[in-house]
Amino acid sequence: YSALSAVANTGSSAALACDQNIVEDTKYRLSKVNNEFAGVNSILPATGNVAILSCFSEGYIFAEKTILNCFKVASSKFSVNYKDVYDSVVKDVATLLGYESSFFGNNSLPCGDSVLRRAYSGAEKVLYDLQRCLYKDSGTKYAVTTPAPVPA
């Protein structure tokens, strides 16, 4: 009984720890995505018509291509920053969607299947050992050998 309790307790602790890790990672990724969008929003004013006005205020005059060059520099800076943010957000959102589908699109919690398989395997081993002991002590005329321990 105590060996089976240990298997059950270990399994439930592992499931809880796994689910808590997913919750913490979810909080982290949601905060990260929020901060990345806030960063994009903070640099948006430097693009578009505002970038052209900024070029005027920085002293660019209507000489050939100077305004265009100033605008290209401003917009390329935004594009580079946005590309990095976009790639990061896509990765984080994909992870979050995976968590969502494993929580809500499944018949078990994300860690449930793997933890239950390990617990079931551990319980089978405990029950096999118990069955073997009962058989060995039942007075059988057949020899029951003790298997060598498996190296760790």
Would you work out the relative contact order for the range 2-136, in percent, from Cα pairs under 8 angstrom that are 6 or more residues apart? 41
Karplus-derived 3J(HN,Hα) from phi for the range 76-84 (6.51 cos²θ - 1.76 cosθ + 1.60, θ = phi - 60°), whole Hz, x at Gly and Pro, runs 5, 4, 4, 4, 5, 4, 5, 4, 4
For the range 2-136, radius of gyration divided by Kirkwood radius, i.e. Rg to Rh on alpha-carbons: 1.42
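Read-outs throughout are calculated quantities, based only on the coordinates presented, and are distinct from any laboratory measurement. In this text the structure is predicted, and so the values were computed from the model without any measurement.
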